[in-house]
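Encoded as structure tokens, the structure appears first; notes follow it.
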Amino acid sequence: MANETPLRADAQRNRERILAAAEEVFLERGAGVSLEDVAKRAGVGIGTLYRRFPTREVLLAATYSDRFLEFAEASRARASALDPLSALRLYLEELVQYTNLYRGIAVSLGTVLQIGTPGCLATSEEGSRLLLRGQKAGSIRSDISFDDLVCIATAISLATEQHSSPQSHIAHLVGVFMNGIKRGNE
């Protein structure tokens, strides 16, 4: 997705309208909303939507891309000031918070992160980098993978997405997980 060919002006306008409509509809009604509703809000036909975004996950990834890019850049900027466990813990907490932005996206998180938008790539690369940093420092078990982090983020997102103020619950659940992946708990 990151190396797409440039679009004609009208196709680019349609893409932007679809993304803006998707953002509105996903925020209002969650990630499970019908894609026909997104197309209708954007003022385009469903075929136009599917030409640009062949699956719900591709549309979600495109809609989230800028947000994920900012998230990854912020994590990278602050990580050197934190010890490896704290940096990974903060990354995981914030990943869950970002995931909870659209109700219902948690079930697709793993797929969305693999789509290949700049934000999805940056988020995955940053999580992998922080995990490897913790493993090299000897503070995180060597048998933990980035896919494990995504599974935990998905589970915590699902467990907290209905809470009216989930911050403390997210922090608690991430803390439980982080205690489990510390070196010496193998």
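In whole Å, how far is the Cα centre of region 19-66 from that of region 70-93?
Value for the Cα centre distance between the two parts: 30 Å.
Estimate the FRET efficiency between GLU28 and SER145 by the formula 1/(1 + (r/R0)^6), using the beta-carbon distance for r and 25 Å for R0, to the nearest 0.05. Could the numbers behind the result be given before it?
Numbers: r = 35 Å, r/R0 = 1.41.
The calculated FRET efficiency here is 0.10.
With +1 on each Lys and Arg Cβ and -1 on each Asp and Glu Cβ, how big is the dipole of region 1-93 about its Cα centre, in debye rounded to the nearest 20?
Here the size comes out at about 260 debye.
For the chain, what does -39500 (n - 2.57) per DSSP helix run (n ≥ 4), summed and divided by total residues, give at 222 nm, in deg cm²/dmol to the nearest 500? If you can, show how the numbers build up before the last one.
On the way: 9 runs with 130 residues, N = 186.
It comes out at -22500 deg cm²/dmol, rounded to the nearest 500.
So with the 1.4 Å probe, I'd like the accessible area per residue for the chain, rounded to whole Å². Working shown, then result.
Values: 9060 Å² over 186 residues.
It amounts to 49 Å² per residue over the chain.
Highest GNM mean-square fluctuation, the chain, Cα pairs closer than 10 Å: which of ALA77, ALA87, ALA171?
ALA77
Taking P(r) over Cα pairs in 10 Å bins from 0, in percent as the quantity of interest, determine which of [x] 9, 39, 39, 13, 1; [y] 10, 36, 28, 16, 8, 2, 0; [z] 9, 35, 32, 16, 7, 1 was computed from the displayed structure.
Read-out taken from this structure: [z].
I'd like the carbon and sulfur percentage of the solvent accessible area for the chain, probe radius 1.4 Å, heavy atoms only, ligands and nucleic acids excluded.
On the way: 4620 of 9060 Å².
That share works out to 51 percent.
At most 11 other Cβ atoms within 10 Å and a DSSP loop assignment: could you name the GluC sites (Glu not before Pro) in region 111-178 that fit? Show your work: numbers first, answer last.
Working: sites: GLU125, GLU126, GLU161; in loops: GLU161.
Answer by residue number: there is no such site.
The values are calculated or read from the model by the stated rules, or taken from the named source; none is laboratory data. None of the values given here were measured: they were computed from a predicted structure. Neighbour counts run over all protein chains shown; Cβ positions are idealised from the backbone, glycine included. The protein model used for the area step is the full one, side chains on, heavy atoms only, and it has no ligands, DNA or RNA in it. Shrake-Rupley method; radii C 1.70, N 1.55, O 1.52, S 1.80 Å.
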